[in-house]
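Please read the structure below before turning to the comments.
The values are calculated or read from the model by the stated rules, or taken from the named source; none is laboratory data. In this text the structure is predicted, and so the values were computed from the model without any measurement. Neighbour counts run over all protein chains shown; Cβ positions are idealised from the backbone, glycine included. Ligands, DNA and RNA are excluded from the accessible area calculation, which covers all protein heavy atoms including side chains. Shrake-Rupley method; radii C 1.70, N 1.55, O 1.52, S 1.80 Å.
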Amino acid sequence: MIESVKDIIAREAQAVLNIPVGPEYEEAVELIVHQVHELGGKLVLSGMGKAGQIAMNMATTFCSTGTPAVFLHPSEAQHGDLGILQKNDLFLLISNSGKTREIVELVTLSRILNPDLKFIVLTGNPSSPLAKQANVCLATGHPDEVCALGLAPTTSTTVMTVIGDALVVETMKRIGFTVEDYNKRHHGGYLGQRSKKLL
């Protein structure tokens with residue numbers, strides 16, 4: 001099992017190194033900064049299933065680092081939660097296949113409410129219907145899952161998380177986010193104490 005675990009870690013690490021990185025990252029960060037920090041909107045993240053859990057994590061990380069963000073469940077959006085959308089908001093949608101029905105429908109319904117909404121899409125399929133709706137598309141490289149069946153989201157969610165971290169960190173740099181800013185948003189726990197000591 002030790003060798004198997006080492007192989008799993010190595011395959012996931014390689015998938016991270018294989019993430020395609022190009023000018024679309026700068027475009028995505030510029031869009032986040034413009035819509036949220038210059039125009040006063042917020043970042044709305046959505047995904048279904050495991051991708052949704054990644055989107056939730058990204059939303060909370062953006063919030064704690066100075067970029068107002070919320071998670072919108074794509075199914076609940078169809079039952080009234082779509083009303084959270086406001087002027088100048090920006091969507092960041094996550095779908096490995098780029099074909100997830102609830103997410104594709106979310107784009108259509110959101111544009112009925114606000115035809116000017118902009119979308120960043122994070123997907124393993126840059127030729128998908130969802131990717132074609134994007135203002136900016138970030139591709140994962142579509143790595144094979146390390147799951148023994150090749151089915152359960154494992155490697156795909158790893159690379160999604162790393163891409164989210166890259167967006168968060170680069171946005172922090174662009175807005176000049178400081179330790180003092182962090183401490184104002186994160187009072188509790190070890191990180192709250194640590195950030196206070198760094199002031």
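Using a cut-off of 19 Å between alpha-carbon atoms, which lysines can reach LYS196, once sequence neighbours fewer than 8 places away in the same chain are excluded? Qualifying lysines at Cα under 19 Å: LYS184. Put simply, the amide H of LEU138, placed in the peptide plane, has neighbours under 5 Å in VAL121, LEU122, THR123, leaving out anything fewer than 5 places away on its chain.
Here's the list of aspartates and glutamates a cross-link from LYS6 could span, going by alpha-carbon distance under 16 Å and ignoring same-chain residues fewer than 8 apart: GLU145. Annotation: per residue accessible area for the chain equals 53 Å², rounded to a whole number [probe 1.4 Å, protein chains only].
Of ASP81, ASP89, the order by accessible heavy-atom surface (1.4 Å probe, DNA, RNA and ligands excluded), from most exposed downward, is ASP81, ASP89. Among residues other than GLU38 with Cβ under 14 Å from its Cβ, the summed charge is +2 (Lys and Arg +1, Asp and Glu -1). Here the translational diffusion coefficient of the chain follows from Stokes-Einstein with Rh set to the Kirkwood radius across Cα pairs; for 10 °C and 1.306 mPa s it amounts to 90 µm²/s.
Within the full protein context, the accessible area of LYS50 is estimated at about 100 Å² for a probe radius of 1.4 Å. Packing here is the average count of other Cβ atoms within 10 Å per residue, and on that basis the peptides 116-125, 32-41, 179-188, highest first, run 116-125, 32-41, 179-188. Between ILE84 and LEU113, the contour length at 0.36 nm per residue exceeds the Cα-Cα span by 9.4 nm. As a fraction of the 1.4 Å probe accessible area of the chain, surface on carbon and sulfur atoms comes out at 56 percent. Using the structure shown, list the pairs from LYS42/LYS87; LYS132/LYS173; LYS50/LYS118; LYS87/LYS173; LYS42/LYS99; LYS42/LYS173 with a Cα-Cα distance above 20 Å, or answer none. Among LYS42/LYS87; LYS132/LYS173; LYS50/LYS118; LYS87/LYS173; LYS42/LYS99; LYS42/LYS173, the Cα-Cα distance tops 20 Å for LYS132/LYS173; LYS50/LYS118; LYS87/LYS173; LYS42/LYS99.
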